[in-house]
């Protein structure tokens, strides 16, 4: 799976939701690899891509509403757009 495909999936899922909504990284993985339990193997890469997008200011990664490193252990995280930003299907800011 390419990082670009993961970025595109994150963008598409967030673009289909109301402003301020978030998605779970597992939803991204399940969308990309829906068959069986194979989606779990994609989770580390989804988290890495999310962290890269967060470092670039294109994504907000939170745990319990508090910004966190997407690759750090500690429980479930949510992915959302930074305030005032939209994301096009190609993963770029609108």
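Taking the chain as a Gaussian network of alpha-carbon nodes connected by springs under 10 Å, the highest mean-square fluctuation of the residues 28, 46, 68 belongs to 68. Average projection, convex hull of the Cα set of the chain: 5.5 square nanometres. When shorter helices are ignored and each DSSP H run of at least 4 residues is given -39500 (n - 2.57), the per-residue value for the chain at 222 nm works out to -11000 deg cm²/dmol.
On full extension, the segment bounded by residue 31 and residue 18 gains 2.8 nm, given 0.36 nm per residue less the C-alpha separation.
Bear in mind these aren't lab numbers, they're just calculated from the coordinates by the rules spelled out. Source: prediction; values computed, not measured.
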